[in-house]
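Written out below as structure tokens is the structure these notes cover.
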Amino acid sequence: MTSIAIIGAGPQLGLAIARTFGSRGFNVALISRNRDKLDGLVGQLSAEGITAAAFPANVLDHDALTQALEDAAARFSRIDVLEYSPVGTFGSTALTAPTTTEPSHVETEMNFQLYGAITATRAVLPAMREAGAGTLLYTTGAGSIWPDPRVANVNAAAAALRNWVKNLHTELAGTGIQAAHVGIDSSIGVSVIPGLEAAKPEQISPLYWELHTTHRDDAERVFRLDGQAFPRP
């Protein structure tokens, strides 16, 4: 059986991705900080006939994240797809404009976005290389592509992750392993930034399946509610 590990699994996009892959026969490993929330998601997926399991870990704790992925691989024999999309607790993440950004504001986001992604990748990539197959997907807001000065520190770290993923895509070309970045140009579920319409997670999750199956040469896909990725007005 094939499996997907979703890091940052929650009731919005994470659950939608789990359903997209799980409904097609994938086992689902759910990774995030809160055991109770994960158990609730496992219950929902199980009720829909999808095999899922919870592996609690904080992406800021690299040892715990690595162990969670190792446990998931042991539970499901291997991890075929890694999806990385953790989000901070609403209201707890400092959002800074360029002139008010301090190094610590970017350092926190780099730890959360880039360093966690690198840690997760190092945990699963050796087995993918051995198998000659695998998919590595990383999600950010579209500010990684088109910066928004209201969230300059978050954009800086997201852009660093995007750059790293696109380099990873190039390095892995020809190995059977796909690496790609997904940029989301909208809020998900509920609008949190004025002027930015919210998308339903079910509108976004098919992009991940397409990258895993029919768009394996793409280094990036961008979701916009108007259906157009480029150029952004």
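The values are calculated or read from the model by the stated rules, or taken from the named source; none is laboratory data. This is a predicted model, so every value here is computed, not measured. Virtual Cβ from ideal backbone geometry, glycine too; neighbours counted across all protein chains shown. Protein only, heavy atoms only, side chains kept; ligands, DNA and RNA dropped before computing areas. Shrake-Rupley method; radii C 1.70, N 1.55, O 1.52, S 1.80 Å.
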Margin query: Below 8 Å between Cα atoms, with a sequence gap of 6+, how large is the relative contact order for region 1-105 in percent?
Written below: 32
Margin query: Report the Cα-based extents of region 138-190 along its three principal axes, largest first, to the nearest Å.
Written below: 39, 23, 12
Next item on the list: Compute the Kirkwood hydrodynamic radius of region 98-199, taking the inverse of the mean of 1/r over all pairs of distinct Cα atoms, and give it in Å to one decimal.
Entry: 14.8
Checklist line | Debye intensity ratio I(q)/I(0), log10, region 87-146, q values 0.12, 0.13, 0.17, 0.25 Å⁻¹ (C-alpha model) | finding: -0.43, -0.49, -0.73, -1.15
Check: Where does the chain land at 222 nm, in deg cm²/dmol rounded to the nearest 500, when only DSSP H runs of n ≥ 4 count, each adding -39500 (n - 2.57), divided by all residues?
Finding: -12500 deg cm²/dmol
Next item on the list: Report the local net charge at ALA94: Lys and Arg +1, Asp and Glu -1, summed over other residues whose C-beta lies under 10 Å from its C-beta.
Entry: -2
Next item on the list: For GLN178, list long-range residues whose amide hydrogen, built 1.01 Å from N in the peptide plane, is under 5 Å from its own amide hydrogen.
Entry: GLY134, THR135, LEU136
Next item on the list: Give the span of region 6-55's Cα atoms along each principal axis, as three whole-Å numbers ordered largest to smallest.
Entry: 26, 17, 16
Notebook entry, point to check: Rounded to the nearest whole Å², what accessible area per residue is found for region 139-182 with the 1.4 Å probe?
Noted result: 38
Notebook entry, point to check: With the Cα gyration tensor of region 1-87 giving a ≥ b ≥ c as the square roots of its eigenvalues, does the rule (a/c under 1.5 for rounded; else a/b larger than b/c for prolate; else oblate) give rounded, prolate or oblate?
Noted result: oblate
Next item on the list: Assuming a ≥ b ≥ c are the square roots of the Cα gyration tensor eigenvalues, decide whether the chain counts as rounded (a/c under 1.5), prolate (otherwise, with a/b larger than b/c) or oblate.
Entry: rounded
Margin query: Around ALA9, under 12 Å between beta carbons, what's the net of Lys plus Arg minus Asp minus Glu among the other residues?
Written below: +2
